Every structure is written in C-alpha cells, then in structure tokens.
Amino acid sequence: MILKNYEAAISDYTAVISYKPDMIFAYISRGSAYNKLKKFKEGLSDFNKALSLSPDQVQSQEIYNNRGWSKKGLGDDAGACDDWKQSKRMGNEEAKLILKNSGCK
C-alpha cells in the first residue's frame, strides 16, 4: 500500500486471506485499502472480522480506530465516535487527536 496501488493491495490481501483466513493483519490492511478507495462497507466488514479474530489489545486499538473511519465514511458519525472513544480508552494516541478534531461528544 506504500505505493498507493490499493486495488492491487486488495487483491494481494484477498489471496493471503484465502490461504490463511485467520491472519488479522491481512484484514486490517485490506480494510485500510478499501477505506482509501472509499469502499467503506467493505472496509467495515474487514475491520469487524479482524476484531472477531483479535485477542491483542494493541491490535484492537488500531482496528477500532480504522473502523471508525469506515463508519464515518458510511455516515454513521455516532458509531465512528464510539469506535474512536474505544480506541482512546485502549491507549491509542491517534484516537485522542481524532476525537479532539472530529466534533465527537
């Protein structure tokens, strides 16, 4: 994704998931690529799957943060705020900045 070829990244992560369906990183990365392409519904689905697989609090912080962007893109401002608040509660520094600048209450 560093090269910003999000369609190719989605294809690559989809291939990884087909071989290893429990690889959390692939869902997080594919969800992020979907978000970059404004395919927020697909991104949301990937972040939900990643959360269902994630036993790791540090990883979950990132997932909640990114899922917030998917929800925001779908017009679910309250849901986005809830996810960013959860990410902040888990210690995510980026979520603190997002909440400060997003109008969440």
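Some notes on this structure:
- The aspartates and glutamates whose alpha-carbon is closer than 14 Å to the alpha-carbon of K96, local same-chain residues fewer than 8 away aside, are E62, D82, D83.
- The simple spin-label model puts a point 7 Å past each Cα toward its Cβ; for Y19 and K4 those points are separated by 2.9 nm.
- Set of lysines with alpha-carbon distance to K49 below 23 Å, sequence-local pairs under 8 removed: K20, K36, K38, K39, K41, K71, K72, K85, K88
- Summing +1 for each Lys or Arg and -1 for each Asp or Glu among the other residues whose beta-carbon sits under 12 angstrom from that of K36 gives +2.
- With Cα atoms, 0 to 90° folded angle of helix 24-36 axis to the chain main axis: 70
- Leading residue at positive end of dipole, the chain (Cβ point charges), from N101, M90, I24: N101
- C-alpha long axis of helix 93-102 to longest principal axis of the chain, angle in °: 60
- Share of carbon and sulfur in the accessible heavy-atom surface of the range 1-71 [1.4 Å probe, %]: 55
- Debye, to nearest 20: dipole size of the chain, +1 on Lys, Arg Cβ, -1 on Asp, Glu Cβ: 320
- Take the range 50-105 with all the other protein chains still there, run a 1.4 Å probe, and you get 57 Å² of accessible area per residue.
- Take every pair of alpha-carbon atoms less than 8 Å apart whose residues are at least six positions apart; their mean separation over the length of the chain yields a relative contact order of 18 percent.
- In degrees, nearest ten, helix 6-19 long axis to first principal axis of the chain (Cα): 70
- Cα gyration tensor shape for the range 1-83, rounded if a/c is under 1.5, else prolate or oblate: oblate
The values are calculated or read from the model by the stated rules, or taken from the named source; none is laboratory data. If you're wondering where the values come from, they're calculated on a predicted model, not measured in any experiment. Every residue, glycine among them, receives a Cβ derived from its backbone with ideal geometry; neighbour counts consider all protein chains shown. Accessible surface is based on the protein model in full, side chains and every heavy atom, while ligands, DNA and RNA are left aside. Shrake-Rupley method; radii C 1.70, N 1.55, O 1.52, S 1.80 Å.
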